[in-house]
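Down below is the structure, laid out as structure tokens.
The values are calculated or read from the model by the stated rules, or taken from the named source; none is laboratory data. This structure is a prediction, so every number in the text was calculated from the model and none was measured. Heads up, the Cβs are rebuilt from the backbone with ideal geometry, glycines too, and the neighbour counts pull from every protein chain shown.
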Amino acid sequence: MSDIKEICDFLKKYRQVKNKKLEEVCHLLKKFKKQKEEMKLRGFNDFNYIELLKGFDDENTHSKIIAEFLNPDGSHYQGKIFLENFFRTLDIPFNIDNWNVITERFVRNCVDKGQGRIDIYMTNGKKHIILENKIGAGDQEAQIFKYVECLYKENEDSLKPEDIFVLYLTKNKSFPSKYSLDNYEIKNGYLENNGEIKAKIKCISYDEIFKWMQENLKEVENITNLSEAIKQYIKVVKKILGEEENIMNLKDYLLKEEHREVLITLIENKNEFEKYVKNDEECQKIIEEEKLGEVLAKIIDEINYKVLDKLKNIPDLNIIIEKNENSKYIDKLCIENKKNNKLICPEWPYNFVSKYAFKELALEVLKNGENNIIEKIIKLVTIEQ
């Protein structure tokens with residue numbers, strides 16, 4: 001009987017502690033909302049028509065905007081001036097004349113790697129530029145490999161390596177993964193297949209897009225609607241780079257060091273928290289307005305990508321991130337030992353099928369730091385020397 005009472009007392013105390021933590025989450029959300037409203041009253045705002053369409057980090061939207069500016073026949077009616085600025089900014093050694101720009105160019109089974117879609121494809125009939133845009137999406141299988149090989153096949157092998165320029169656009173100038181490169185390797189700015197040079201490649205970041213847009217703005221300062229459109233896009237690019245934010249957002253607020261414990265509680269107990277506040281109308285409204293589920297998913301991805309970027313710099317490790325084309329977030333992580341080609345897709349301690357992918361990985365980082373989880377991952381994959 002005493003054992004049952006002890007268990008009941010323990011569960012009661014546990015519930016009290018848990019409820020106190022959940023109440024702290026609710027209190028913090030209300031505090032955030034109050035500070036945000038105070039900023040609005042002082043005149044701050046985040047209005048941007050581009051974000052109203054799809055969100056500031058939607059890759060398809062960015063590809064369409066970039067392509068429209070690159071297109072000499074685009075609706076800007078400025079001819080090739082933006083294209084010329086682009087070539088100059090990125091030091092692309094091609095003639096500026098007679099370029100066609102295509103978005104979402106499909107590549108269909110021309111090599112034994114399935115079909116794909118080039119985000120932005122440019123050609124003047126002799127030279128070819130492939131721009132692969134990766135804001136948050138992971139690499140698809142053999143993407144870079146099949147895009148380049150298909151160009152050779154379509155042109156009946158008449159192309160030379162210097163005729164193809166691959167631009168790999170990411171937030172932080174990351175390299176494509178082995179999963180995307182397949183048989184290719186990157187050496188001295190070129191894609192090679194078993195020692196044979198296939199194309200030139202340049203990894204670029206949205207910082208180059210920002211610089212390019214600044215140059216474009218100088219060209220059209222007296223054209224009101226066009227200059228305003230460029231200014232709006234520059235703001236979106238700065239937000240991708242983490243440099244633009246007028247009104248405080250919930251993601252950055254939760255990621256503050258002083259809110260770490262509350263964030264851990266929220267990630268661990270999101271569903272339970274939503275049930276706990278079902279009678280708190282104010283807190284429920286904040287959850288809906290701020291899209292708490294999406295915010296947590298972005299936080300988890302952001303934390304994980306920082307770890308994965310560090311793992312990429314470890315010799316003999318190749319990090320492969322997979323994403324479903326219909327998903328914004330990580331679906332699967334694999335780690336390859338390049339010395340023996342051993343490919344491991346760990347299932348523990350990471351929850352790959354959770355709605356919030358890699359929740360355990362992010363929690364480990366929040367609780368114990370990046371270095372701790374990196375050591376655990378290396379032990380997990382058991383890299384053979």
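Below, the figures for the structure above:
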| quantity | calculated |
| --- | --- |
| Members of region 87-144 that are among the polar types (S, T, N, Q), farther than 20 Å from Asp163 by Cβ and at pLDDT below 90 | Asn109, Gln115, Gln140 |
| Residue within region 224-235 that is without any contact (Cβ under 8 Å) to a residue 40 or more places away in the chain, in a loop (DSSP other than H, G, I, E, B) and of a type in the set (S, T, N, Q) present | no |
| Contacts under 8 angstrom Cβ, first residue in region 198-223 being assigned to a helix (DSSP H, G or I), partner surrounded by fewer than 16 Cβ atoms within 10 Å (Cβ to Cβ) and not hydroxyl-bearing (Ser, Thr, Tyr), 6 or more apart | Tyr206/Leu241; Asp207/Lys173; Asp207/Leu241; Phe210/Leu241; Glu215/Arg88; Leu217/Lys231 |
| Any hit, region 96-111, residues being in contact (Cβ under 8 Å) with a residue 60 or more places away in the chain and not hydrophobic (A, V, I, L, M, F, W, C) | no |
| Selected residue [of a type in the set (A, V, I, L, M), modelled with pLDDT under 90 and not in a helix (DSSP H, G or I)] from Leu159, Leu169 | Leu159 |
| Which listed residue, of Gly114, Gly125, is in contact with a helix residue (DSSP H, G or I) (Cβ under 8 Å, 6 or more places away or on another chain) and loosely packed, with under 14 Cβ neighbours inside 10 Å | Gly114 |
